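Rule-based calculations on the coordinates, nothing more; no lab input. Note that the structure is predicted; figures quoted are calculated from it, not measured. Note: ideal-geometry Cβ built from the backbone for every residue, glycine included; neighbour counts use all protein chains shown.
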Amino acid sequence: MKVSTGLCVALLTFSIVCVNASIVPDDLVITPDECKLAEGREIHGRCIVDPRNIPETKPGPKAQQVPPKDAAICPETPYNATGDNGFRPLTAAENYYVQSVCGIGEEPRTRIQNGRIAKRNQFPWAIFRWCSAVLISPRHILTAAHCVYNRHKGSAPCSAPFEKDIINQTANYGGTCVKKDQFCPQGFDMKSATIARVIFSREKHEPGCIDDNDIALILLNEDIELDDSVKPICISKLHPSNLIQLKDLGFGSVDSYHESSVLRYMTTRIIKIRSYREVVTKGVDIGDGFPQVRRGDSGGPLQATFNGSSRTYLAGLHSRGADYMISTYVPAYADWICQLTGVCELD
């Protein structure tokens with residue numbers, strides 16, 4: 001059996017299935033003993049072979065979990081607080097694969113005004129819709145709830161959107177350019193997938209609908225292929241006190257008059273923990289002034305890592321603010337995300 005340094009998925013005693021790896025199948029049959037010899041891990045009858053350290057040992061304490069008690073779904077469906085609500089959770093083998101490739105960009109480690117321009121493959125989890133968003137699996141995306149809910153549908157606040165406004169609409173991935181200009185001479189460089197289903201937290205009914213609740217999950221109609229320019233970010237229960245190398249990124253406006261043509265990012269720091277569900281960040285001046293978050297960066301990721309890690313983790317989703325950014329603290333929703341998507345950190 002010839003196995004490369006990539007990750008391989010083999011059906012035990014059946015034919016080989018390989019993703020992002022160089023392997024010679026030739027009607028190869030993998031037995032449980034051969035899986036052990038290859039230093040693989042047997043999960044639900046599959047042999048997962050990967051030489052990297054999975055999982056990473058994470059520091060404590062863990063973020064307190066605050067799963068929503070109520071949520072809105074489109075197409076309109078009653079919310080089941082203990083079910084997957086039709087969001088096609090990953091199998092154990094699929095999740096192991098996601099955990100093996102997540103959070104690895106070429107440089108792995110707010111509406112962004114005059115932020116630095118991202119390089120291709122630097123943030124392969126970045127998603128562009130009419131807001132920014134972030135990839136967490138081949139078929140699941142996270143963004144801000146206010147990017148998807150309908151403020152004006154009927155008499156109920158924070159309602160699910162009309163199906164025609166979101167279902168089968170596109171989400172763009174795998175690139176950094178959304179239009180042609182001096183920063184993007186080749187123009188739009190992204191691939192597109194379509195939206196099948198949306199769910200967002202709806203616990204409060206205050207006028208803004210988003211305080212402590214600004215998180216939405218999107219299911220795609222089809223799985224997208226992962227490669228160097230398309231990878232999910234990692235999800236974990238990391239506590240804010242352990243986060244380092246924080247960055248905000250998004251496709252938002254450059255200023256009040258000009259839309260950005262390209263993904264931008266900025267170095268940032270947490271200045272306040274508002275609740276278990278929200279953190280406040282501010283851009284760090286690294287010689288080019290204090291960058292800001294602007295229209296179009298909503299739903300984009302606040303990302304971070306921790307000491308000793310080689311991966312990037314999702315810390316937050318941009319909710320509201322300008323000079324200061326309030327972001328939904330995603331680690332507090334890790335159990336809820338795991339329940340719906342099967343994207344679950346490994347112990």
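Would you mind getting me the FRET efficiency between L346 and E222? Use the beta-carbon distance for r and R0 = 22 Å, nearest 0.05.
The value I calculate is 0.30.
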Going from the fewest other Cβ atoms within 10 Å to the most, one would list M190, M266 as M190, M266
Residue span Q169 to D335: 0.36 nm per residue of separation minus Cα-Cα distance leaves a gain in nm of 57.0 nm
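I'd like to compare 278-284, 79-85: which one has the highest average count of other Cβ atoms within 10 Å, and what's the full order after that? Mind showing how you got there, number by number?
Values: 278-284: 20.7, 79-85: 12.7.
Going from most to least packed, we get 278-284, 79-85.
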